[in-house]
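Novice: Starting off with a structure, shown below.
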Amino acid sequence: MAEYPAHLVREHRLFDGRSVTLRPIRAEDAPLVREFLNERSGESKYMRFQKWVHAPSDKLIHFLTDVDYDRHMALVCAARHGDREEIVGEARYVANPDGGTCELGIVIADAWHKSGIAGLLMEGLIQAARARRFATMEGLVLAGNAEMLRFVRVLGFEVHAIPEDTRTVRIVKKL
């Protein structure tokens, strides 16, 4: 496992005045990640995982928080409430077996949609993927997820139909 990439930690003030911290995830974030996922609507979890996830399993939480910062990078956006930190967004890539491409995933707390944190997370994730010399970032998005498709197009992703699966589309960005 690579050393914790502290150089990726950034403080941001959003256009609405709220402050957030963008940082790589840590294994000790497991309880915060579980809380974050448990508080998401069923639809949000379905859009992210493309299946119904009632409560995240211990195995899923371990996968999401035990990253190597190289082939698997995850960034979280955290907001402080007094002395308590809350995860309000998360984005990650996982290297594909070819070693030159990576698959992305992102989920934002329902109340934080349109706050700007999705763009901050994706900007940080794309920079980290470029630093690791991935050539391409890609992902699967539900074809009906119009908000996500608009968002990734603005980021320069191309959207490709999958003939054998009309339910999803592939998004691709050359890095």
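Novice: Here are some conditions: (1) touching a residue at least 60 places away in the same chain (Cβ under 8 Å); (2) within 16 Å of the chain's Cα centre (by Cα); (3) open to solvent by less than 30 Å² (accessible area, probe 1.4 Å). THR168 meets all but one. Which one does it not meet?
Specialist: (2)
Novice: Let me ask something additional. Given (1) free of Cβ contacts under 8 Å to residues at least 40 places away in the same chain; (2) assigned to a strand (DSSP E or B), where does GLY156 come up short, assuming only one miss?
Specialist: Every listed condition holds for GLY156 apart from (2).
Novice: Suppose the filter is modelled with pLDDT of 95 or more and either open to solvent by less than 70 Å² (accessible area, probe 1.4 Å) or assigned to a helix (DSSP H, G or I) (or both); does ARG23 pass it?
Specialist: When the stated conditions are applied, ARG23 passes them.
Novice: ALA74: modelled with pLDDT of 85 or more, of a type outside the set (Asp, Glu) and closer than 18 Å to ILE126 by Cβ, yes or no?
Specialist: So ALA74 fits the description; yes.
Novice: Assuming LEU140 fulfils every condition listed in (1) in contact with a His (Cβ under 7 Å, 6 or more places away or on another chain); (2) aliphatic (A, V, I, L, M); (3) under 20 Å from LEU75 (Cα atoms) apart from one, which condition is it?
Specialist: Here LEU140 clears every test but (1).
Novice: Given the structure, is GLY105 more than 14 Å from ARG23 (Cα to Cα), in a strand (DSSP E or B) and open to solvent by less than 20 Å² (accessible area, probe 1.4 Å)?
Specialist: It is true that GLY105 is more than 14 Å from ARG23 (Cα to Cα), in a strand (DSSP E or B) and open to solvent by less than 20 Å² (accessible area, probe 1.4 Å).
Novice: Among the residues of the stretch 51-63, are any at pLDDT 95 or above and outside any strand (DSSP E or B)?
Specialist: no
The values are calculated or read from the model by the stated rules, or taken from the named source; none is laboratory data. Bear in mind that the values here come from a model prediction, so they are computed numbers and not experimental data. Here the Cβ is made from the backbone with ideal geometry for all residues, glycine too, and neighbour counts use every protein chain on show. What goes into the accessible areas is simple: the full protein's heavy atoms, side chains included, and nothing from ligands, DNA or RNA. Shrake-Rupley method; radii C 1.70, N 1.55, O 1.52, S 1.80 Å.
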